[in-house]
Structure formats: C-alpha cells, structure tokens
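J.: Here it is, the structure in full.
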Amino acid sequence: MLRFTPRKSSTTRYNEFARARAQVTKAGNIRLGLAHYKVNAPDAEFRRVLPQFFQMAAYRQLVWPDPMPATYQRMISPGIPRISSLQREVEWAVNALIPFADNLNDFVEVRERYEHALLFGDKDAHTRIGVEIQERFGFSVWLLQSRVNSAQVWSGLAQQKEYSRELMADKRLPSILRYIISWISFRTEENLSCSEFFRLFNDNAPASPGLFDLLHIILGDCPQMEPSTASTTVCLTDLLPLIDRYVYLVAILQALIAQAPTAETCENLRYAVTMLSSVVKDPAIEKIALVVGAKPAASLNTDLIPCLDAYSEGRYTEAISLAKALVIKKGSIDALQILLRSSEQAGISAIISELPPHALLTTIVQDLTKVIGFTPDATAAASRLEKIGLTHSDTTWAAALTLIVARQSHDERVFEPDVLQRYHALRASGDNPIFAFSMTIDGAGQRYVDRLSALCGGKSSTCSSTRALLRPVVGGDYQELSDDHRQKMLALSALRLGHNERAEEILAETFRQPNGRVAHYEGGTLLAEARLRAGHLLECAQICVDMFLAATYIGSLLPIARLVQALLQASKTSASPLAMSGDISVVIIFDIYSRHVSPALDPERADAFNDFLTSRKLKFPSQLTDNREGVPDEHLLYFLRNVCVPDVLDQCLALRSSREVEDERAKILVQLTELYTAAGLVPPVQLNDELQEIRTRQVIRDTTHQLDQSKIFVDTDGIRRALGNQLRENWARYRLLSLQDTANSDVSDVVKIIQEAMGDRVAIVSLSLPLTERTKLFERMVGDIRDLFANNKVFGLDANLSTNIRHGYVLRELRRPFVVAHLVTNKLTESSEYKINEYWTERCLDGEENSEFSDALNDLSRAVDEEIEYITGKVLKVWSDSSPEGVFDFEISLPMLHYLQRKAGDIENYDEFLTIIFDYLWLQTDQMLGVARQALLEGTLRRLYAALNHLEETLDACAPEVDSQSLVTAVNLVRPEVRSAVDRVASWFTLSGSRDYQDYNPKIAFDAALATVETYYNDLNIRTEFSSTQSMLMRGWTLPYVTRVFSNLIENVAKHFGISIGSVEIKCSVDAHGGSVAIHLENNLSESSDRDMIVKKIDTINANFGQDTASNLVAKEGNSGYPKIWKILTHDLRCEHQLAVSLTDDCWFVVDILIDSRGIVL
Amino acid sequence: MKILVAEDDEDKLGDIVGLINEHIPQAKIATAKSLQSGLTQALTAEHDLLLIDMTMPNFDRTVTDDGGRPHAFAGREILRQMLRRGVSTPAIIVTHFHRFGPEDDFTTLEQLKVELETRFANYIGTVQYRSNVDDWRDELLSVIIKVFGE
C-alpha cells in the first residue's frame, strides 16, 4: 500500500512553507530559487511544500505564464532551469498539473468526442470540437498534430502537406514546434514504413537525450529511456502548454513502465501517480495507477468483457451483436476484432452498414478484415494499418489497433511482450484482459485481471481463463470455453509451461481439422512455434512452407528467422551438414528468409539449394521436373519460380558462365509454363516476360559481340565496282603482253629457279631484275587495288577503321573504367587544365585542397587521354608518310609482287585476278591485326597500368595527410576493368568470319545499339520508347548495318543533347509500308538549348547529307554520325534513301529516314 | 607439389605464377579466374596449397562474359564452401585491398584476417599484393615456406 508523507499540523506546514519561500526568495531570482529548491529540498518536505507553491498563482505564473496559450508565440514557457531526479521531476510535473485538474478532466471528456468524430468520419463535428478545444485549452502541440493528421484524413496528402507548409512558414510558431510539425507531416508520407520513419528520424534528429526522447514520444514511439535522461524529458515538458504537459507526461509514465517494468519503477512513480489519479479521471491514468500499485480499486472499463465471453464460449451470434454495438457506439477496435473473428467462425459476413463509407473506421474495418482473414492482399493491409496506428499515435484507438496487428506475429501470451506491446497495452482504449500479458511489472497483469474480474462480479470466463493462463498449471481445464478455444488455451498453456511437445500434439490435432480459415492459420502459426521450440525443425519447416504457399502474408508472422538460425546451428552441430537438405521445404524456408527477412543469408540459401540438388543426385535444377518424387506440386512450382533465379543458379557449380545460367533459367521458365498448364492453371504472364527478356538480352549481346568482331571490314564488292573499266582494260592489256612477251616468262622462270635454290635470298636476286612493261603494268594494277583496299574513303580499311573503331569507340571503351571509378576528369576546354576531381577530393580530403593529390589525379587523366590519343591518332591507322607509326602497312615488296604475278600467270579471268590480290591483302591485314593487338595489349595496357602505379605511389607519398584508402581500393579495382577494356578493344582487331544473322525485328537492332551507347554513356539516363510495324522482319544480313545506323543516331542524341543535362528521352518508330521503311527518331532538348543554333545545325546537316560531302567526312573522326549513316545506307545496305532532320514546335529534334525496303525487309 | 592460384587480375596472376616458378620450379600450378572456377577446382582437384584472391567476379571473364556479379568476399566464400565439404587444403589469401565490401559498410583487412583465423582452420595467412612494390614477394614466399617447410 502507498504510504503518504506523515501529516504535520497546519502551523508546522505553514512554517515549513514560509522557510521554503524564504530560501527561494534568497536566491535573488525566484525561478532559480525554485530550481534550487526542486533539486535540494529533503524528500518529505518537498512533497509537503511543493503543492503549496503551485497553489499560489504568483509562483505558478512565474514558471508557467500561459498554460493555455491563445497564440502561437506564447506556446513555449521559460521552465525551470535545473533538472532533478526522475522521481522528483515527475512529482514536480504532477504538482504543476493538479491546480488545473478541472481543465484536464474537461479535456479528457472532449478529447474522447474529438477522437470519436475523426474515427467515424464526422468532419463537421471534428472541426467544431477542434475549435472548442482551442478556445477552452489554447494551442498545443497535441492539437496541431491532430490538425495535421485530420487534414490528411479529410482532404488527402496534398492538402495536409499544404497545411503543414503553412504552419511551418508561420514565424509566430516557435522554431522547435515548426521542426516537430515537419516530422509529423513527413510521417504521413506514403510508402514510408514505421521502422523507416524512425530510422530516418534517429539519423537526423538532435542528439540531445532528453529532447530526443520527448520527440520520440510526441511522434508515437516508445524511446529507450534511462532514468537520468527521462528526468530531462519530464523537465522539458515544463516548457509546453497544459495539454501537452499532461498528454506527454502520461505518455512518459507509460513509456517508463514499458521500458523498465521493475518494482523500482513502480516505487518511483507511485506517489505522483496516486496524486494525479486522485484528481484527474482519465482511463489511462487509472490503468497506470493500477499497474504501479497506486490504486488497486482502479476504475476500469468492462464494456468489452461480455463480448469476449460470448466469443470464447462459442456464442458467436451474440458476440457479433455485442461487438457491433460497441464498434458503432465507441469505435472500439478490440470489439471490431471480435466482430470479425466471430463472423468468420459463424460464417457471417461482417458488414457494418452504419459506418459512413469514407470514415477512417471503415478503412480500418476493411483492412483488418483482410489481415485477420489472411487474404492475399493482407500484407499491404497490415502495412496500412501499421501506418494508421503510427500516424494517429496520439489517440487511444490507434494503440489498440497497433497491438492487434503486432499480436499476429508476436502473441504476448506465447512470447515475452516487447516494449511497444507493453507501451500500447497501457495506452490502448478500453480494457481487455489480454493486456494483462503485457503488464509484466511487479504482478501488475494479475492485479489487472483480478480487478476486471471483480468488476464483472467474478463471472467472466475470459477473465478466468486469462488468470489461469497468466500462471498456467499442468491440467488447467478451461471448462467454460468452447472446444476450439479450450484447445487453444491448453496449447498456449503448454507453450507457456515449456511443454512444447504437448503443445505440438494439441495443435497438430486442431490443425488437421481446423474450424475455419482464421483458426487454420493461427493454429498453424502456433504449431510452427511449438515444433521449433521442440526442436522438430524439419516438421517446422514443412508446416511453415505449406502455410506460406497458401497465404503469403503469413510469411511475416511465422518464426522464419529463428527457424533458419536453428537450421544453421543444427547443420553445424550435426555430423552431416547436409542432414536436412533432402527436403525441399528447407530450401524454400531459406528463400522466404531472403525475401521477407534479410538477404544476409543468401549464401546459405544457395547452400541449401545446392545441397538439395546433391541429395537428389541432380546436376541441374531443371532436372528436378523429371525427378520429382515426393515433391508436392506447389513446392515444385515455388522452387522453380522463386529459388531457381539467376542469383542462386550462379552458385550452382555445374553452371560455368553467365550464359549457362541464363539458359538454365530459360529452360526452367519453359518448364514452369508447362507445369502450370498441366495443372490446369494459367501460367503467370511474368514467366513469358522473363523468358523473352532473357532471350532478347542474349540476342542483343550476341549481336553486339558480332558487331564488335566485324569492325575490321573492307567492302571488296564496293572496291570491285569502284575499280571500274580502267583496271579491266589494264588486265586485258596485261594478258595480251603475257602472251607476247615470252622473255618475261624466262625471267619468271629464272626467279622461280633461284627462289627454289636460295630460299629467302631470292629477294636480293629479284631486285636486280629489270622490270618489263608487263611487270610494271602488273605492279600498277596491284597498287591501285591496294590503295583502294587500304584508303578508299567509302569502302577501304581506313574508312572502316574510322567508322567502326576510331570514331570514339576506342576512347569510350578505354576511358570508361576510369570514368566509372571517378578516377579521371574532363578538361573545361581543349587547351585548359583538367577539372579538379571533386569526387575523390571530397572523400579523401573532406573537400580541402592538396596540390600534390590533385596533381596526381590530373596526371592520371592526362596520361589516359594521351594514351588514347596516341593509339587512335598514330597507331591504329593505315601507314602513310603522315602516319609513320600506323600499324596497317600495305607496302608490297618486289619479290612479293613477282610472286603474285606468277600466281596470276595462268589466270585469264579478271575477277579471279582480283580475288588473288584481295586474298593477299586480307592475309596481310590479318598479320597487321596481330600487330595492332600487340600494340594494345603490350603497349597501351602497360602504359595505362604505369599511370595507375604512378598515382598509387603518389598517394603513398601523400599519406598520412591524405586518407586515400578508398581511392587506393578504387585504383586496384579498376585494374582488371582496364584490362578487360583493352582486351575488348583488342578483340575488335580480328577478321570477321562469315556471320549469319537470323531475320529480325528492328527492335533487336535498336536495343543492341542502345545497349552499346549506354555502355559508353553510363552516367546518362536514356529513356526510350520504341514501336514498329507488328510482325515486321528485316533480312538477317542487314542487322549489323541497321544496328550501326541506330548506334549513330542514338549516339548523336547522347553526345549532342543528353550529356549536358544527364538524361534524354528518345522515341523511335520503324514502319514498313508502300515498299519503304520509315525510321522516325526524335529526342527532347534541354530547356536551355539554343534553338537558333540548332536550326542552323539542322540546315547544315540537311544540306550536307549527300555523297560528295559525306564521303570526304567519313574518314575523319569527331564529326557527327550523319556521313557514317549515309555511307551505311549507300554502300552497305545499298538502298535508295532519304534523310531529313527537323525541329518540332515543342522542341523535339527529329530524324526521318526513308529507305527503299526491297531486299531489306521480308 | 600442386598449387592452385585463384585470381581474376591477369597481371597479378602472372606475377604470382612467375614468383612460384622462379622459387619453386617443381610446383605444378593450376589457375582459376573467378569464384566459381576457383571453387570448382578447390573442391574437385587435389592441391597442396591454394592462393586465393579475396575479390573476384562470379565467373571467369571473357570478351563475351562480363563475369557476372562481383563478390567482395569471394575468397572467404571459397574457404566457407571448403569447410562445409570437409576440404582442408591450406589456403593463403593474396589481396590488393585494404578494405572490402560497400563503402558505407566495409570490412578492414585486419578485421577480415581475424574473422578468417577464427572461422577457418586451413587459413594460413594473408599477403597484401602491390603491383609496384615487391615486399609481397618475400612475404608470400615465407608464408608458403610455412606450409611446405624449407
């Protein structure tokens, strides 16, 4: 029992108060004097004297000038500057409130009406009561919070945001309150979960412990409060208006009890709670008073008990009737739950027609129906309910709602209640015996049920069974309950006693014959728990998977995390780690864990997957379909669809490349479609979508690779055409001379004889031979062909080197790894220095300057660019006087010339002659490609590595002033990437073999081109829309060319329009009609684009798009792609075409290409 | 003496193989360039010693295969799989890096060493490779000698 401070006579008390006043006054400053007194006064005296201070208006007004402020400006009071112990701070706060007890009792009454109006969608009443609260009790954080929330309920998120913005912009509102409003408003954001909200809050909120906890309380959370910081939190409420001081003091008391449910907490709070409960008639205070032992005869609300009794005794119709009345009259969420459960048991639809359709309560009814019924959309419904609970955390019904949702995964009768459950049990509206399980403080649960039971005359079966379950004994009978409820209580009792196998036995029996859907899933969840506790892990996994496959929502309620940990522990301690791996349920459990709990154990999921295959002696998962004995259909479907995904398949040792992983997944997707069809089900469309995505990706990758491999190209057909009649005539003349000039035959014979006799030295002999007219003519013919082969601006090798390799490709490919790792920067202009590398400066120097560090990074940028410039500008070129380092050297020696002449000696056919020369030139090209590859792999790669080494050495020298660990890591990570890039470029220097492309839809070409451009412009967000004539197929041979046309078009967009704004939108259509193919490609321009300049550019493009100008531009790097497009259309696709560039009124840049479709489209 | 070197950086691989050839000419060296190929060889072929890079792609990189997803702790994963399957070949980690994993949640080399020592009995040690500094050569040789003796 509570012991009050010993009474003293009134004279003594007066003298004591006079002395205290003197002490306070002596301080010179009354506020400081009171603060000193608060901290230093002896306990007994403090309790006797403090009420007298607060009874005196003069003191009260000094520390709390405006408890019910009529304006925003007056909402914050000066408070008392020193902080005492928690117990004393609580008593101080209670004493401050007591003079306003009448106001607080009025507030409690009006708040109930206010909450009721909100819940029932009565906007007018709610607004009216809000005004009444403001007029009677002034402004408060509580009222502002309520108004923000109700703005959302009545007018939606946008209006709420607007209202909150107005509040935050109102400078009359103290800044701390505007800050609080910003969080209250942010809390309502859609798709922001409770945990995410508080994670963000914890990362950004002020670190001051007392304030931090108070903000948590205001925002609806139960913070982890130490007594020392809790006293600060209580003290801070001194600053707030009356309503906040009361509301948040109550919440702090609830949080303290929830956080530290110990006898000491009760002891600390009992005196103050007794005082408060003696004057303020608030159900929340009554509950607290009962729990801390301050008021055994607390006034509790027993409205719900008859309803609960009817439900647990199986009188469902009666329960429905009673519950419905409570829902409609009081908005009781606990009654609503009973209503929904009873309706399900009785097979009656739970419609509450009395509720307005748009009321908050109606939304809660709808979502709670889904959650309790484990419907397919229960997961989303549970999230919404949690969010409603958080948003309206200042109401008592929200606490009841939060408890109901939390109980599904963490039943306080089975598990130790968590802090939030203990907190909400104290806050929840009404009284419910089940709250007793969350009142773990000092026998409070028992006191609570006893009091409820007493108030019901000891006749409540719910109270009796709850009392029995709180302290279960073996053989408890629960006779008053219906069979179903009795079995459940017996199972719960066994679980609480640790008799897990007994619980398993009872639950398994009821699970076999469940009475309704709710009983099935709730019973199954308990059965899973019992099996887990009993160590029957495989059986636990099986029931978890069975239920999860039937109702996904239950995945978040089952003990998946603990089961997975138990399985891992069992595999460690077992002689055979693969002991349970033969069961597909184990694999699926790991997958559920990965998807619903955390990806942290994904490697173990892959282990379970591999172990399962091993146990079945399967190499590939696709073999399971034909070896499925003992695997239920639903399990097989889940396993193939969800477990056998690329991230798991790539850990299968039998699959040795990304391609094999994709092929295996594709095979599984086909199997899945067949399995669904065989089961009479419609295969989900996602299966086909995924299959198509894989195949398209593969085609695009193959196409891109094939295009890379066909970059070295000489259009010998084009050269044959370009050689014209002159060469043909020369050939005829040469043939004539061959017949006439027998002496030359002798010379040839001499050469042949000497060559055979002297091998390599034949060159010396041959050089001394005089050239005849026939030989001179042959030399001229071969030289002409060679020159066209090497240098023709349209068909020749250098033109193709320019178009397919040098035209930015080498630069982008080699620079890309450095750019991705942020290791290189650009120059502002061609002649200027490199820009400062802000990325690494920020990370290594916190944005400070260090010239050695900056120079080292600039050196790397310079070295990379110089190397690329060198290799493209000097090395990867056809040799000439102006390109003396060009690796493609087509000089033909005299001996070789004679060799070719001899080879062509018996040939009469002109085309055969050309073929011999082309074959020779190709052979020579192939040898030179080896030289090009060598130049890249040995020269370029070495020099790029040297540049990286130089950077690393400089960074070493900069230590310890510069923390360059992460930069060194980036340097080391980039090395293999640089090698891969050089390897890729080197791989382009390969003679393209004969490649057959399948006929294709132009989207393949578009996507392949897009993939290539995206690789190079990986910082650019390219959004695309593509459409084409349905079932349009283009001939396979055109694929590389059409892809290159798209590459040039998209790259033009990326380079000229996108790179400056970071994103670009491209719309492309390809239509075939009337013997033509129309390609239409358009892209948006940035708002800052210079329209006049673009129009000029368009005029130039349209004017220049012709053979003469374009062919001259083809071999030059750095121009726009239009000459290349012209070349591809004219000489590669060999089609009639037109190209026009334009600008729309709404500033879209448009390219239209019209192509004669003959020979191109099927 | 059979040594498996699992390393995706061809230059580093070349340096390690060159070092072994120079000092342990009798050693037969097998190579792998990814987590999966390293793991396959570690589990299926008999080796006397494994030299494993910590950070590797899932598959061997080729011109047509980017190697799949990267694994910051590929070396640890190989050791973990060996442990699961009872393969106890001595293993040395040879890494370029000082820290591993995402920038906002990285594991330092020192932390990783402690973890490897605690979890894997066949873990011999870690050598930090530098392409432009030769310390690692002596260090690696001394760790190898620890396994095979002089």
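The values are calculated or read from the model by the stated rules, or taken from the named source; none is laboratory data. Everything numeric in this text was worked out from a predicted model, so none of it was measured. Using ideal geometry, Cβ is built from the backbone for each residue, glycine included, and neighbour counts are taken over all protein chains shown. These accessible areas exclude ligands, DNA and RNA; they are computed on the full protein's heavy atoms, side chains included. Shrake-Rupley method; radii C 1.70, N 1.55, O 1.52, S 1.80 Å.
J.: With a point put 7 Å past each Cα toward its Cβ, work out how far A:LEU538 is from A:GLU226 in nm, to one decimal.
T.: Result for the modelled spin labels: 5.0 nm.
J.: Could you tell me how many degrees, from 0 to 90 and to the nearest 10, lie between the Cα long axis of helix A:602-615 and the main elongation axis, the longest principal axis, of the Cα atoms of chain A?
T.: Approximately 70 degrees, to the nearest 10.
J.: Search the structure for amide H atoms under 5 Å from the amide H of A:ASN1001, placed 1.01 Å from N in the peptide plane, and list their residues when 5 or more places away or on another chain.
T.: Long-range HN contacts for A:ASN1001: A:MET1034.
J.: Here's something else I'd like to know. What's the Kirkwood radius of the stretch A:550-651 in Å, using all Cα pairs? Write down the numbers at each step before the final one.
T.: Details: mean 1/r = 0.0721 Å⁻¹.
Hydrodynamic radius (Kirkwood, Cα pairs) of the stretch A:550-651 is 13.9 Å.
J.: Moving on. If I compute solvent accessible area with a 1.4 Å probe over the protein chains, what percent of it on the protein assembly as shown is carbon and sulfur? Provide the component values of the computation, followed by the final result.
T.: Values: 28470 of 56270 Å².
The computed percentage sits at 51.
J.: Rolling a 1.4 angstrom probe over the protein heavy atoms, how many square angstrom per residue are accessible across the protein assembly as shown?
T.: On the way: 56270 Å² over 1312 residues.
Each residue of the protein assembly as shown exposes 43 Å² on average to a 1.4 Å probe.
J.: May I pose another question? Taking the mean number of other Cβ atoms within 10 Å as a proxy for protection, how do you rank A:328-340, A:1023-1035 from highest to lowest?
T.: Details: A:328-340: 23.5, A:1023-1035: 14.5.
Peptide ranking by packing, descending: A:328-340, A:1023-1035.
J.: Could you work out how far helix A:101-119 tilts from the main Cα principal axis of chain A, as a 0 to 90 degree angle to the nearest 10?
T.: 40 degrees
J.: Whole-Hz Karplus ³J(HN,Hα) for the stretch B:62-68, in order, using 6.51 cos²θ - 1.76 cosθ + 1.60 and θ = phi - 60°, x for Gly and Pro?
T.: With the stated coefficients, the stretch B:62-68 comes to 9, 5, 9, 10, 6, x, x Hz.
J.: Past the 30 Å Cα-Cα mark, which pairs from A:LYS667/A:LYS1055; A:LYS370/A:LYS459; A:LYS123/A:LYS387; A:LYS835/B:LYS12; A:LYS572/B:LYS28?
T.: Details: A:LYS667/A:LYS1055 40 Å; A:LYS370/A:LYS459 33 Å; A:LYS123/A:LYS387 21 Å; A:LYS835/B:LYS12 32 Å; A:LYS572/B:LYS28 35 Å.
In this structure, A:LYS667/A:LYS1055; A:LYS370/A:LYS459; A:LYS835/B:LYS12; A:LYS572/B:LYS28 lie more than 30 Å apart at Cα.
J.: Moving on. State to the nearest 20 debye the size of the charge dipole of the protein assembly as shown about its Cα centre, where the only charges are +1 on K and R beta carbons and -1 on D and E beta carbons.
T.: Details: 136 positive and 176 negative charges, 926 e Å.
The calculation lands at about 4440 debye.
J.: Same structure, new question: Which value, in square angstrom to the nearest 100, describes the accessible area buried between chains A and B on both sides, using a 1.4 angstrom probe? Intermediate values should be presented prior to the final figure.
T.: Details: alone 51180 and 8070 Å², together 56270 Å².
Buried area between the two chains comes out at roughly 3000 Å².
J.: Any idea how far apart A:LYS459 and A:ASP855 come out in nm if each label point goes 7 Å out from Cα toward Cβ?
T.: Once both label points are built, they end up 9.7 nm from each other.
J.: With unit charges on the beta carbons (Lys and Arg positive, Asp and Glu negative) and the dipole taken about the Cα centre of chain A, which residue among A:CYS222, A:ALA947, A:TYR163 sits farthest to the positive side?
T.: It is A:CYS222.
J.: Continuing with this model, one more query. Once phi is turned into θ = phi - 60°, what whole-Hz ³J(HN,Hα) does the Karplus curve with 6.51, -1.76 and 1.60 give for every residue of the stretch A:203-209, x standing for Gly and Pro?
T.: 6, 10, 6, x, 7, 3, x
J.: Enter the angle in degrees (range 0 to 90, nearest 10) between the Cα long axis of helix A:742-758 and the first principal axis of the Cα atoms of chain A, meaning the one along which they spread out most.
T.: 60 degrees
J.: If you count only protein heavy atoms and use a 1.4 Å probe, how large is the accessible surface of B:THR89, to the nearest 10 Å²?
T.: Probe radius 1.4 Å; accessible area of B:THR89 about 20 Å².
J.: Take peptide A:646-655, look around each residue's Cβ out to 10 angstrom, count Cβ atoms belonging to other protein chains, and average those counts. Don't jump to the answer; show the numbers that get you there.
T.: On the way: counts 3, 3, 0, 0, 6, 6, 1, 7, 1, 3.
Rounded to a whole number, the mean comes out at 3.
J.: Using a loss threshold of 50 Å², tell me which positions in the stretch B:10-43 are less accessible in the complex than in their chain alone. Probe radius 1.4 Å, ligands and nucleic acids ignored.
T.: For the stretch B:10-43, once contacts with the other chains are taken into account, B:ASP11, B:GLN36 lose 50 Å² or more.
J.: Looking at chain B, send over the antiparallel percent of its DSSP beta bridges, to the nearest 5. List each step's numbers first, then the result.
T.: Working: 4 of 21 bridges.
Taking every DSSP beta bridge with both residues in chain B, the antiparallel ones total about 20 percent.
J.: Okay, next question. Cα centroids of the stretch A:43-64 and the stretch A:637-682: how far apart, whole angstrom?
T.: First find each Cα centre; the distance between them is then 76 Å.
J.: For the stretch A:715-730, just list the computed ³J(HN,Hα) in residue order, Karplus coefficients 6.51, -1.76 and 1.60, θ = phi - 60°, integers in Hz, with x standing in for Gly and Pro.
T.: 7, 5, 5, x, 5, 4, 5, 6, 4, x, 6, 4, 5, 4, 5, 4
J.: Give the percent of DSSP beta bridges with both residues in chain A that are antiparallel, rounded to the nearest 5.
T.: Values: 28 of 38 bridges.
Rounded to the nearest five, the antiparallel share is 75 percent.
J.: Using a loss threshold of 40 Å², tell me which positions in the stretch A:689-725 are less accessible in the complex than in their chain alone. Probe radius 1.4 Å, ligands and nucleic acids ignored.
T.: When all protein chains are present, A:HIS705 each give up 40 Å² or more of accessible surface.
J.: Still on this structure: For A:GLY886, list long-range residues whose amide hydrogen, built 1.01 Å from N in the peptide plane, is under 5 Å from its own amide hydrogen.
T.: Placed amide hydrogens put A:SER880 under 5 Å from A:GLY886.
J.: Just to be sure I understand the interface: list residues from the stretch B:44-67 that lose 50 Å² or more of accessible area between the chain on its own and the complete protein assembly, 1.4 Å probe.
T.: With the partner chains in place, the stretch B:44-67 has these residues losing at least 50 Å²: B:PHE59, B:ARG61, B:VAL63, B:THR64.
J.: Let me ask something additional. Just going by the charge dipole of the stretch A:25-117, with Lys and Arg at +1 and Asp and Glu at -1 on Cβ, which of A:ASN29, A:LEU50, A:ILE83 is farthest out on the positive end?
T.: Most positive-ward Cα: A:ASN29.
J.: How do the peptides A:956-962, A:1126-1132 rank, highest first, by the average count of neighbouring beta carbon atoms within 10 Å per residue?
T.: Numbers: A:956-962: 13.6, A:1126-1132: 22.4.
Result, highest mean Cβ count within 10 Å first: A:1126-1132, A:956-962.
J.: Mind jotting down the distance between the C-alpha centroids of the stretch A:689-703 and the stretch A:332-357, whole Å?
T.: 51 Å
J.: For labels at B:LYS146 and A:THR262 in the simple 7 Å Cα→Cβ model, what's the distance in nm?
T.: Calculated label separation equals 4.7 nm.
J.: Now for a different question. Roughly how far apart, in whole Å, are the Cα centres of the stretch A:815-842 and the stretch B:47-63?
T.: Value for the Cα centre distance between the two parts: 32 Å.
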